[in-house]
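What follows is one structure encoded as structure tokens, with my remarks underneath.
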Amino acid sequence: MACFRHSIITTKEILSKTTGQFTRRASPSICLYRRYSAAQITSNDELSTIVGRFPLRIDYAFGYGSAVLHQQNSNPSSSMVDIIMSVPDPYKWHTENLSRHPEHYSMMSRLGGPSFVTWLQCNFGAKLYFHPYVDVPISGSSDKRQIKYGIVSTSDLISDLRQWDYLYLAGRMHKPIVSISLPSDAISVKEEKEGKRCKMTMLGEKDDIVSAQQSNLLAAVSTSLLLIGGESGHSNNSSVIALPTSKLYATIASLSYTGDFRMQTGAEDPNKITKLVETPGMLDLWEDMYTDTLNKLQELGLLSVATKLGSNTADTRIEFDPNDIETRKQLMNYLPPRLHNQSYQIIGSKGASGIPQGSLALRSELAKIVSPAARSQGMKGMFTAGLSKSLKYAKAKFAKGRLKK
């Protein structure tokens, strides 16, 4: 299957303009599908084999989590492989999957059938249906991998990426992921329908997902710069600040955890954000993922990206003026429309003294998106996975969270 764009990350020419020991850099290409990463611990072939066990009416699939991309102090062998599959028609997909793998569903879902499953997926939580603790055989051996897979309608995925309806999959796709190669017969025919179930969008190409993801990444960087501007302690100085890209990436990683009850109750690893950025190999993935977006903002004059000559990713920095109101206004334009109602306060139009309050207002608005979706999706698991699996999953999450404090 052809990649959305070329899967090998190649660095473009280094621009001639330099500043001190640093040189401006053009960005490498970015692609949703990545063939190789030093941090990747579950191969693309294995991920493709796992997805191939399911009905092939799939528009897009990706792997994530500590069993796919290495995280510090984690044991991949004890972690489930996390996979998301975007499907054009959830009803048809669940109909076939229930026939193939009824044991993946809770008793209630088996009794309710595909209509109930689709209704549950599309009307509650973040519009995902998760199946945890599923053992999948790997071809060519008697071994099995334990996975957790989630199903989402393609139209709902695109909407979350563009609008931040729930900042759930959009937040997950702010962070490095591994796109999964699909068999050629998984590509569906162009068709659009909307009935009493989910809106169905069947795509022969993945252009809409790629475009939506580009908007999602641009919104993530813009939101993070607005937050950093008010939280950096520079709000009373009318000068350019420099920060390492790792600081930006950590802020991006934190967006989808803002207001998440799992962080507040110890049901999530408190070091999660640090691990996502600082685990060896991960910083390179962040840079590969975001240099196109940073380059775009640099071309617009909103920031500059500089890398110390002869150095590695860790020596890359971003320079921007957090107190320039025009810069903040332009960044605000890249945020999803639902955040524009508070634009005056978020921008800090009263001047530098209002910028810290703007960051607080933005954090508050993010929490209003994340919190209800995270709670509802968590409660939904009792019905989708069943009581025993839900309790097992909750216990495992608390073990990763509270016990690591």
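Return the FRET efficiency for the residue pair Ser99, Gln214: r is the Cβ-Cβ distance, R0 is 51 Å, and the value is rounded to the nearest 0.05.
On the way: r = 37 Å, r/R0 = 0.72.
After rounding, the FRET efficiency stands at 0.85.
What is the antiparallel percent of DSSP beta bridges lying wholly in region 65-150, to the nearest 5?
Working: 6 of 10 bridges.
Approximately 60 percent, going by the DSSP bridge assignments.
Could you compute the FRET efficiency for Ser376 and Lys144, with r as their C-beta to C-beta distance and R0 at 35 Å, rounded to 0.05?
Numbers: r = 31 Å, r/R0 = 0.90.
The calculated FRET efficiency here is 0.65.
Once fully extended, how much extra length lies between Trp119 and Leu300, figured as 0.36 nm per residue of separation less the alpha-carbon to alpha-carbon distance?
Working: separation 181, 0.36 × 181 = 65.16 nm, distance 4.41 nm.
60.7 nm is the gain from fully extending Trp119 to Leu300.
Coordinate-derived values only; no laboratory data. Note that the structure is predicted; figures quoted are calculated from it, not measured. Glycine also receives a Cβ, built like all others from the backbone with ideal geometry; neighbour counts cover every protein chain displayed.
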